[in-house]
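What follows draws every value from the coordinates through simple rules; no lab data is involved. None of the values given here were measured: they were computed from a predicted structure. Note that each Cβ is placed from the backbone with ideal geometry, even for glycine, and that neighbours are counted across all protein chains shown.
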Amino acid sequence: MEATIDNRNKYQALAYTIGFHLLLLLLFFLIVFKTPNPPFEDKPIPEAFIDLGGLEGQGAAAAGGSGNHDKKPLL
């Protein structure tokens, strides 16, 4: 008796899953996003620049770093 109830629950869950996914697929086909005619206007995006210091990761003297006055490593 339990085996038939378990099988029926499995088939019912499978049917609900397939039905849900078919409805979802149908919605994907029916919903269409249309762009306006003429298309959207291209607006310039403001740019932001960040000063990360000088070259080679040394930093800038104005930013509190030692700048180019670093000692050369002894090798």
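Before moving on, here are some points about what is shown:
- Over region 1-53: Kirkwood hydrodynamic radius from C-alpha pairwise inverse distances, Å: 16.9
- With both labels modelled 7 Å from their Cα along Cα-to-Cβ, the GLN12 to ALA48 distance reads 5.5 nm.
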